[in-house]
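Structure, as structure tokens:
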Amino acid sequence: MDRLRTVGGYGSRSATKDRFSGKSTGTFGRWPTLVLRVVCLAALTAPLPARAVDGCQVLLCLAASNWRRIPMCVPTIEQLHRDLARARPFPTCDMAGPGNNALHQWASAPGFCPPQYVREVDGPNGPVPRCSYAGAVSVSINGLPFTRTWWTPDGDSVTEFSDAAKLQLGSWDARFDNDYAAWLAAQLPPPCWVC
């Protein structure tokens, strides 16, 4: 404020002049401009409201035979994949009951990745195994494994159904099983030592 002086006396709300340029800064000085800038900056940098994923809906959708065919599940599971890719915590469902839950785990080839999705990439010391999927969400129903959905940040996913799930559901998305069968058929047979 040492640069500005009030014209019209002490405490007056009349025009204020800049001591160096002699230009008037208006009736209230520079405060309205400063306040406007602060409000605009706050509005632009304020975080957008988070779209929380309902953990109970996630559990129900991932336990379905094909979540892509259920219109309510598509945005929920796509948001779940985006959240997991951003390292956000996996949602929980307090109403699920004992033995009914879903857990997320990051993929790690070759230990925690289905063999049909393990790829080798060139590393500095030779081939390095990589999983085609970033992680998996395992769903348990009544304390038993039910499904495991492997997902990527770009929205691709494939679901592995347990035998109990297949028996209970009757029909399911068979992509995981088909991919495994194709991978298995492409494997070279072991060498025959007695031929």
Residue list for region 108-143, restricted to those being closer than 19 Å to TRP183 by Cα, in a loop (DSSP other than H, G, I, E, B) and more than 14 Å from the chain's Cα centre (by Cα):
ALA109, PRO110, GLY111, CYS113, PRO114, SER132
Checking ASN142 against (1) in contact (Cβ under 8 Å) with a residue 40 or more places away in the chain; (2) closer than 22 Å to ALA63 by Cβ; (3) surrounded by 12 or more Cβ atoms within 10 Å (Cβ to Cβ), the condition it does not meet
(3)
If you take the residues in region 144-195 that are under 28 Å from the mean Cα position of the chain (by Cα) and of a type in the set (Phe, Trp, Tyr), which one is farthest from GLN79 (Cα to Cα)?
TYR180
Evaluate the following for PRO75: is it in the same structural domain as LEU144 (by TED's automatic domain parsing) and out of contact with any strand residue (DSSP E or B) (no Cβ under 7 Å at 6 or more places or on another chain)?
yes
Name every residue in region 156-195 that is small (Gly, Ala, Ser) and surrounded by 12 or more Cβ atoms within 10 Å (Cβ to Cβ), in order of residue number.
SER157, SER162, ALA164, ALA165, ALA174, ALA181
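Yes or no, residue by residue, for (1) under 19 Å from SER157 (Cβ atoms); (2) touching a residue at least 12 places away in the same chain (Cβ under 8 Å); (3) in the same structural domain as THR147 (by TED's automatic domain parsing):
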{"residue": "CYS93", "(1), (2), (3)": "no, yes, yes"}
{"residue": "GLY111", "(1), (2), (3)": "no, no, yes"}
{"residue": "TYR117", "(1), (2), (3)": "yes, yes, yes"}
{"residue": "GLY126", "(1), (2), (3)": "no, no, yes"}
Long-range neighbours under 7 Å by Cβ, at least six apart or interchain, first residue assigned by TED's automatic domain parsing to the domain that holds GLU160 and within 19 Å of ALA174 (Cα to Cα) within region 52-68, second polar (S, T, N, Q) and outside any helix (DSSP H, G or I)
LEU62/THR147; LEU62/THR149; ALA63/THR147; SER65/SER171
Could you please find all residues in region 155-186 being in contact with a Pro (Cβ under 9 Å, 6 or more places away or on another chain) and not in a helix (DSSP H, G or I)?
VAL158, GLU160, SER162
Of all the residues that make up region 64-90, how many are surrounded by 16 or more Cβ atoms within 10 Å (Cβ to Cβ) and modelled with pLDDT under 90?
1
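The values are calculated or read from the model by the stated rules, or taken from the named source; none is laboratory data. Note that the coordinates shown come from a computational prediction; the quantities given were computed from them, not determined experimentally. With ideal geometry, Cβ positions are generated from the backbone for all residues, glycine too; neighbour counts draw on all protein chains shown.
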